[in-house]
C-alpha cells in the first residue's frame, strides 16, 4: 500500500476513535450515586479528624451521607445541600467557599500560574517570530 | 553510661561540624582557597560522632535500658527485633539522630568525591554549608531533642520525667511504654522513614553547592552538574519513601485509602514536586545555559520545603497551632527555616548580577519550552499544596476560626495540573531543542496518538464512561506509546544503518544515553501511577457488611462467607480476627483474616485490614466491630490497585537507571546529552 493511502486510513481511524472518546466524555453525565459521592467528599465528618463523610466509616458520617442521598433524590442542587448542612454544623465544608477569607486560597494559585506564564513568555526571544 | 557515650558522640559530631565551617569558610565566602585535605578531620569527626550516636540509641533499645527516657517511652520488653531497631527512629529525638546520620554520610560522600582534586573550592564551600546544616541538627540533639535524656522519675510504665544531664540520677521504670501501636503494625514503618530521610537530606547537597557557588562566585553550571548524582539519588529515595508511605497507609490504617492530602503527606509531596522540577530544569541549564537564576531559586525552595516538611511533621503544629510551642523543637525548626530562606535569598539577591544573564529562549515551541511548562506546572502544583496545607494553620493562628481545606480543594487543582503535566510528559521528550518544527513533533506522536485513542475508545465502549478515567487513559497510554514508539523508531534506524538486530540496537541506545532513557522509564512509571490513581479514585466500589458466623454477603462479584472468629496470642499483641472466605463463581479463592490488633500497653485496638490482591484488583476488608454476635466490616473493591505501587517504584527505578550515566562519565558530560 502506498504511504499516502496508509496515512489517509490512519487519519480516518484517528478521527473515528476521537469521535468515540468525545462521545463517551459528552454522554458521561454523573449519575445520582456519583453526585452523592462527590458531595460526600466535600463535607467534613463532624466527629472525625479531617475526614470527609464519604471517607469516614463512622455511623455519624453514614447518617449524613444518607441525608445527602435523600436530598439528591428529591432534586436539591449541590449548593442547596451544602449550605443547608453548613447552617447546621459550622465549618463543615472541606471545600472552602469561594468568598471571604478563603477566596484568597483560590486566587493565590491562579495568580501564581498567570504570573509564571507571563514571565516565561517575556523571557522568550520574540525577534524570532518577526524574522 | 550509654547516656554519657551518646551525648559525647553528639558533642564530637557537633565539634566536627563547627570545625568544618571554620576551615571551609574562607573558600565559602570566596576569600582564599582551602585545600580539600584540611577538611578530613572535621568530616570524619562528624561522621564518626553521628554513627556512634545512632549506635548508642540502638544499644539502649536492644539492651532494654530504661534509664534512658527515650527507650522507656518508645520501647518495651518483648517487642520483636525489627520493631525494636526501628524504634531508634520512630519517635522525635531518634528521628533527628537518623537525620543527622544521613546528613553526615552525605557530607562524607561529598568529601570523598572532592578529595582527589588538589583544590576544589566549590566542594569545600559546599562542605562548609553542610557543616552549618549539621550544626543545627546536632545542636537540636544536644539541647531540645536530646535522645539521651535520663529518666529521673519512673512511671508504672514509661518515664514520667526526664533530666537533660547525663549525670542525673536515673530511676528506670521496670518496663517501657512501647512504640505507637500504629507504627508497630507493619514492617513498612521500619523502612519508610529512612527512605524519606535519605530523600530529604540528599537534597541538602545540591542546596549546599548552590550556596557555595553563589558565595564563592563560581560561575556556570558546575554546582548543578556535579550534584546530579545526589539529586537523582535523593529523588529516587523520596519517591520510594512516599510510595511506601502510601502503601503503609493503605495496608495498615484500614480506612480504605492510601492518600488523604493529610498535612504530613503534603509535607513530603511539596519537596518531591520541587525536586522533580529541579531535575528537569537542571537538564536545560546544563544543556542550553538557560534558567540559571531560576535554578538557584528552585534548589533553595526545595531545601526550604524539606525543612518545612520536617517542621510540619515534627512540631505538633498540625494537631493544633496551639500545641506546637509545647516543645521547643517547633520554634527551633521554624527559626532555622527562616534563617535558611532569608540567608539564601539575601545571598542570591546580592550575587544576582554575577549570575550569567541567560540567553533567551529561541521559541516556546521547543524542548526548552516544554521544560519551562513542566517547571511552571510543577511549581504551581507545589504552591497549591503549600497554600492548602498552611492556610488552615494561618487562619487558625490569626483569626482563631477553623477552615477545612481537604481533598476537594486539592483534587480540584491536582486533577487538571496532572492532566497537563502528563500531556507535557508525552510531547516534551520528543520535541527537538531550540525551535521545534511542528511537523517533526507530529511525526513522532502520530502513531502513539492513534494507539492512545484506540485504548480510550475501548474503555468508553466496554468499561466506563467516567470522564476523568477516559482522559487519564488517553494521556497515560499516549505517554507510554510515545516513549516506546520513539525508542522503536531510533532502533529501527540504527539497525538499518549499522547491521545488527533491533534488540541490540535498543540495548545500545539505552546504554548510550542512560540519562535520557532513565528519565523515560520514570515517565512510564508516573503514567502507570497516574492511571492507577485515576482507576482507584473513579472505579472503586465500597459497602458495609454485617455478618453472623456462617452468613454470607455478596459484594462486587465476590461472595464473602464469615466462617468463624479467632484469637491469637503473639509476643507483643493479642489478635482478634475474623476468618472470611472469599468465593468467586462458587469457588473459593481466598480466606482473609481482617483483625483487630490489641497491643500490650495500649488502650484501643488497631483495626487491621485484610487485602486480597489480584491483577484485576484488590478486595479490601477492614473490620470495625468484632464480637460474639458477628463481624461488621467496611469493604472496598479497587480495580488494578497494583498500578499505583508498581508505577511509583518504576519511577524511582528510572532515576536509579539515570545514575548509571553518571558513574560512567565521571560527572563531566552527564547532563549535556540528556
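Within region A:19-33, not a single residue is more than 10 Å from chain B (Cβ to nearest Cβ) and either in contact (Cβ under 8 Å) with a residue 60 or more places away in the chain or over 27 Å from residue B:257 (Cβ atoms) (or both). Looking across region A:83-128 at every residue that is more than 16 Å from the chain's Cα centre (by Cα) and touching a residue at least 12 places away in the same chain (Cβ under 8 Å), the one that is farthest from the other protein chains (Cβ to nearest Cβ) is identified as A:84. In this entry, residue B:451 passes the filter for residues that are touching a helix residue (DSSP H, G or I) at 6+ places or on another chain (Cβ under 6 Å), in a helix (DSSP H, G or I), within 12 Å of another protein chain (Cβ to nearest Cβ) and on the phi < 0 side of the Ramachandran plot. Please verify whether residue B:77 is farther than 24 Å from residue B:24 by Cβ and out of contact with any helix residue (DSSP H, G or I) (no Cβ under 8 Å at 6 or more places or on another chain), treating the condition exactly as stated. Answer is yes for this residue. Regarding residue B:530, is this residue at negative phi, assigned to a helix (DSSP H, G or I) and at pLDDT 90 or above? Considered against the rule, which asks whether it is at negative phi, assigned to a helix (DSSP H, G or I) and at pLDDT 90 or above, residue B:530 comes out as yes. The set of residues in region B:220-231 being outside any helix (DSSP H, G or I), touching a helix residue (DSSP H, G or I) at 6+ places or on another chain (Cβ under 7 Å) and either outside the structural domain of residue B:340 (by TED's automatic domain parsing) or surrounded by fewer than 23 Cβ atoms within 10 Å (Cβ to Cβ) (or both) consists of B:221 alone. Of all residues in region A:56-68, none satisfies being touching a strand residue (DSSP E or B) at 6+ places or on another chain (Cβ under 8 Å), under 15 Å from residue B:405 (Cα atoms) and surrounded by 15 or more Cβ atoms within 10 Å (Cβ to Cβ). The helices (runs of 4 or more DSSP H) found wholly in region B:1-117 and carrying at least 2 residues that are farther than 30 Å from residue B:574 by Cβ occupy B:2-28, B:40-62, B:92-115. Counting only residues that are in contact (Cβ under 8 Å) with a residue 24 or more places away in the chain and either part of a loop (DSSP other than H, G, I, E, B) or surrounded by fewer than 20 Cβ atoms within 10 Å (Cβ to Cβ) (or both), region B:430-444 holds 8 of them.
Take the conditions in a helix (DSSP H, G or I) and either assigned by TED's automatic domain parsing to the domain that holds residue B:97 or in contact with a helix residue (DSSP H, G or I) (Cβ under 6 Å, 6 or more places away or on another chain) (or both) and apply them to residue B:380. Does it pass? Answer is yes for this residue. Each residue in region B:176-195 was checked for being assigned to a loop (DSSP other than H, G, I, E, B) and surrounded by fewer than 20 Cβ atoms within 10 Å (Cβ to Cβ), and 3 pass. Within region B:394-411, can you find the residues that are facing chain A (nearest Cβ under 8 Å), part of a helix (DSSP H, G or I) and over 16 Å from residue A:51 (Cβ atoms)? Residues satisfying the conditions are B:395, B:399.
Check region B:376-386 and report whether any residue there is surrounded by fewer than 16 Cβ atoms within 10 Å (Cβ to Cβ) and touching a residue at least 60 places away in the same chain (Cβ under 8 Å).
Checking region B:376-386: not a single residue is surrounded by fewer than 16 Cβ atoms within 10 Å (Cβ to Cβ) and touching a residue at least 60 places away in the same chain (Cβ under 8 Å).
Residues in region B:605-619 that are over 12 Å from residue B:641 (Cβ atoms) and within 27 Å of the chain's Cα centre (by Cα): B:606, B:607, B:608, B:609, B:610. Looking across B:104, B:72, B:114, one residue alone is buried (at least 24 other Cβ atoms within 10 Å of the Cβ) and more than 24 Å from residue B:139 (Cβ to Cβ). It is B:72.
The values are calculated or read from the model by the stated rules, or taken from the named source; none is laboratory data. Everything numeric here is computed off the predicted structure, so don't read it as measured data. We place every Cβ from the backbone using ideal geometry, glycine too, and count neighbours over all the protein chains shown.
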